[in-house]
1. Please name whichever of ALA33, GLN68, LEU51 sits farthest to the positive end of the charge dipole of the stretch 17-82, dipole taken about the Cα centre and charges placed at Cβ: Lys and Arg +1, Asp and Glu -1.
2. Based on other C-beta atoms within 10 Å, arrange ILE60, ILE19 from fewest to most.
3. Which value in nm describes the separation of the simple spin-label points at SER61 and ALA81, placed 7 Å from the Cα toward the beta carbon?
4. Rounded to the nearest 10 degrees, what's the angle between the helix 62-82 long axis and the longest principal axis of the chain, both from Cα atoms, 0 to 90?
5. Against the longest principal axis of the chain, how steep is helix 2-56, in degrees 0 to 90 to the nearest 10, with axes from Cα atoms?
6. Take the chain, connect every pair of alpha-carbon atoms lying under 10 Å apart with a spring to form a Gaussian network, then pick out the residue of VAL49, VAL15, VAL25 with the largest mean-square fluctuation.
7. At what distance in angstrom do the alpha carbon centres of the stretch 8-33 and the stretch 49-83 lie from each other?
8. Calculate for the chain the 222 nm mean residue ellipticity that helices alone would give, adding -39,500 (n - 2.57) per DSSP H run of length 4 or more and normalising by residue count, nearest 500 deg cm²/dmol.
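What follows is calculated from the coordinates using simple rules that are stated; it is not laboratory data. Please read all numbers here as calculations on a predicted model, not as lab measurements. Cβ atoms come from the backbone with ideal geometry, glycine included; neighbour counts cover every protein chain shown.
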Amino acid sequence: MMILGLLTNVLLAPVTGPIYGVRFVLNALKTQAETELEGQEKHLQEELVALNMRMELGQISEPEFEEQEATLLKKLRNFRAGQ
């Protein structure tokens, strides 16, 4: 039985090989894209935390904070809506 499966794989390799190769490449691209998207979302969240800390430390005024926070939250919502 095992020899028949091996023989089948060898004989069908010209057909199945490219299919497996394309599938592998597509999975790699999907994984890379997901990783980049997660990184972008994390970056926006880190910017919000840093912005909050700057306001708490008195480096920016509350109106500046609210303006920048609204911008970042809008970017984050748009980003999440696009996923």
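1. Final value for the positive-end residue is ALA33.
2. Result, fewest neighbours first: ILE19, ILE60.
3. 3.0 nm
4. 20 degrees
5. The angle comes out at about 0 degrees.
6. With Cα springs under 10 Å in the chain, the top fluctuation among VAL49, VAL15, VAL25 is at VAL15.
7. 44 Å
8. Taken over the chain, the calculation gives -33500 deg cm²/dmol.
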